[in-house]
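Below you'll find the structure, written out as structure tokens, and then a few comments.
The values are calculated or read from the model by the stated rules, or taken from the named source; none is laboratory data. All figures in this text were calculated on a predicted structure; none of them were measured in a lab. Cβ: placed from backbone, ideal geometry, glycine included. Neighbour counts: every protein chain shown. The protein model used for the area step is the full one, side chains on, heavy atoms only, and it has no ligands, DNA or RNA in it. Shrake-Rupley method; radii C 1.70, N 1.55, O 1.52, S 1.80 Å.
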Amino acid sequence: MADMPTTVAAIAAPSATEPLVRTTIERRDVGPNDVLIEIQYAGICHSDIHAARGEWGEIAYPQVVGHEIAGVVTEVGSAVTKHAVGDRVGVGCMVNSCRECENCLAGEEQYCLNGNTGTYTSVDRDGTITQGGYSSHVVVDQDFVLHIPDALDMKTVAPLLCAGITTYSPLRHWNAGPGMRVAVVGLGGLGHMAVKFAHAFGATVTVLSQTLSKKDDGLAMGADDYRATSDDATFSELKNSFDLIINTVSAPLPMRKYLGLLVLNGTFVSVGAPPEPMEVPVFALFNQRRSFAGSSIGGIRETQEMLDFSAEHGIAPETELISADQVNEAWERVLKSDVRFRFVIDIATL
Ligand code: NAP
Ligand code: ZN
Ligand code: ZN
């Protein structure tokens, strides 16, 4: 324990409006149930930008974000049984929960009735604010650390920890499979994983993107059809044609048009988290008994299942590896939908 790096390198947001800067932060001592992880790769999720810029509510600064973490265990606490030094591990959007409420007991810690502890911007058990994965090391309770199967490449695996599970979970919950017509709105970080999982589950998949500029990529990922939402003909031609729509867009959508695409009993699930409310016209729901739903990441058991499924089926995120100096530029590109399809920070460059 003597050589534990309590002060570690990180990239932090100094405020809601300034660019990210290199800095150092403190990590807690490794407790009996904790694992110390040397982070190798950290994915850039659009949520990092929403959160750091205060779009979801005020936060404390400086703040380190990042909740797609892949690395290696370098130390374990005395009571740790699930992970060993040298293990390849991942951490996603949560680092703790109450473990007692009915949702935690059901393995749905993301819906903890007492509020789960987010990987960043949450109040940790020691009263400090959690700091995320744009950093060289992190200390996490063993129960919230995932095992990365050998078949998955460390360089590209990190986005599975948020983009992967956030799309896998609703596709499983709403039973995406053979015979089901699924549309994925937005082909960014989450969207491209939704296409890969829906295709792997056997569903018929249509991408609804703003333009056709990423059509070849979408089809290569397993989409059966690809349409531009900038073209109004898309909404008339595809009226009443999907059982399930997974919306991954980070901005509000004109819901009347999108709900019209659902068949009888169809469901529109938003995983996209725009800061502004979305208006849902109820008559578009009455017509065809449609549902409007939301879904938040996934539980720890399901996240491990998703990683194992990805290893078994050869599913991996499409990533662009960047250095620590390119993070501000990468954020600007995410905001312009100019990413194919997830940026991953090479933490060795930090
Ligand atoms: P992303 O990589 O930026 O992808 C979002 C995609 O939405 C873009 O690539 C773009 O796709 C489309 N888009 C962007 N602006 C648009 C606009 N004004 N109108 C129509 N389409 C637009 O973001 P992400 O990391 O996948 O995250 C997507 C959203 O999910 C964010 O709001 C994020 O906070 C949220 N999220 C939620 C959860 C959860 O648990 N529910 C977890 C993670 C992330 P095209 O270029 O194809 O049009
Ligand atoms: Zn995320
Ligand atoms: Zn709970």
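Brief remarks on what is shown
- When the range 175-194 is filtered for residues that are within 13 Å of ASN247 (Cβ to Cβ) and out of contact with any Lys or Arg (no Cβ under 7 Å at 6 or more places or on another chain), the ones remaining, listed by number, are VAL182, ALA183, VAL184, VAL185, GLY186, GLY188, LEU190, GLY191, ALA194.
- Candidate set: the range 187-205, residues that are outside any helix (DSSP H, G or I) and open to solvent by 10 Å² or more (accessible area, probe 1.4 Å); chosen: the one farthest from ligand 1 (Cβ to nearest atom): GLY202
- Verdict on LEU253 being in contact with a helix residue (DSSP H, G or I) (Cβ under 6 Å, 6 or more places away or on another chain) and crowded, with 20+ Cβ neighbours inside 10 Å: no
Okay, residues lined up against (1) over 30 Å from ALA51 (Cβ atoms); (2) touching a residue at least 12 places away in the same chain (Cβ under 8 Å); (3) among the polar types (S, T, N, Q):
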position: VAL205; (1), (2), (3): no, yes, no
position: GLN210; (1), (2), (3): no, yes, yes
position: TYR226; (1), (2), (3): yes, yes, no
position: ASP231; (1), (2), (3): yes, no, no
position: ASN247; (1), (2), (3): no, yes, yes
position: PRO252; (1), (2), (3): no, yes, no
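- Residues located in the range 144-183, provided they are β-branched (Val, Ile, Thr), within 16 Å of ligand 1 (Cβ to nearest atom) and over 15 Å from the mean Cα position of the chain (by Cα): VAL182
- Residues in the range 131-182 that are of a type in the set (Phe, Trp, Tyr) and within 18 Å of ALA200 (Cβ to Cβ) were compared, and the one that is surrounded by the fewest Cβ atoms within 10 Å (Cβ to Cβ) is TRP174.
- Residues of the range 98-111 classified as crowded, with 20+ Cβ neighbours inside 10 Å and near ligand 3 (Cβ under 7 Å from one of its atoms), total: 2
- Within the range 333-350, being among the charged types (D, E, K, R) and surrounded by 13 or more Cβ atoms within 10 Å (Cβ to Cβ) holds for ARG333, ARG340, ARG342, ASP346.
- Restricting the range 44-58 to residues that are assigned to a loop (DSSP other than H, G, I, E, B) and either open to solvent by less than 40 Å² (accessible area, probe 1.4 Å) or away from ligand 1 (no atom under 16 Å from the Cβ) (or both), the residue that is nearest to SER15 (Cα to Cα) is GLY54.
- Residues being of a type in the set (D, E, K, R) and either open to solvent by less than 20 Å² (accessible area, probe 1.4 Å) or under 14 Å from PRO19 (Cα atoms) (or both) - total across the range 317-332: 3
- Contacts under 9 angstrom Cβ, first residue in the range 108-131 being more than 16 Å from SER47 (Cβ to Cβ) and of a type in the set (Gly, Ala, Ser), partner assigned to a loop (DSSP other than H, G, I, E, B) and within 15 Å of ligand 2 (Cβ to nearest atom), 6 or more apart: GLY115/SER122
- Given (1) assigned to a strand (DSSP E or B); (2) over 22 Å from the mean Cα position of the chain (by Cα), number of the condition THR17 does not satisfy: (1)
- Selected residue (only one of GLY299, GLY314 is crowded, with 17+ Cβ neighbours inside 10 Å, within 17 Å of PRO159 (Cα to Cα) and touching a residue at least 40 places away in the same chain (Cβ under 8 Å)): GLY299
- For the range 15-38, the condition holds for no residue, the condition being that it is crowded, with 16+ Cβ neighbours inside 10 Å, within 16 Å of ligand 2 (Cβ to nearest atom) and either within 19 Å of LEU161 (Cα to Cα) or touching a residue at least 12 places away in the same chain (Cβ under 8 Å) (or both).
- The residue that is nearest to ASN175 (Cα to Cα), counting only those in the range 261-291 that are open to solvent by 50 Å² or more (accessible area, probe 1.4 Å) and hydrophobic (A, V, I, L, M, F, W, C), is LEU264.
- Single residue of the range 64-97 satisfying the filter (within 16 Å of ligand 2 (Cβ to nearest atom), within 15 Å of HIS137 (Cα to Cα) and outside any loop (DSSP other than H, G, I, E, B)) that is most open to solvent (accessible area, probe 1.4 Å): VAL95
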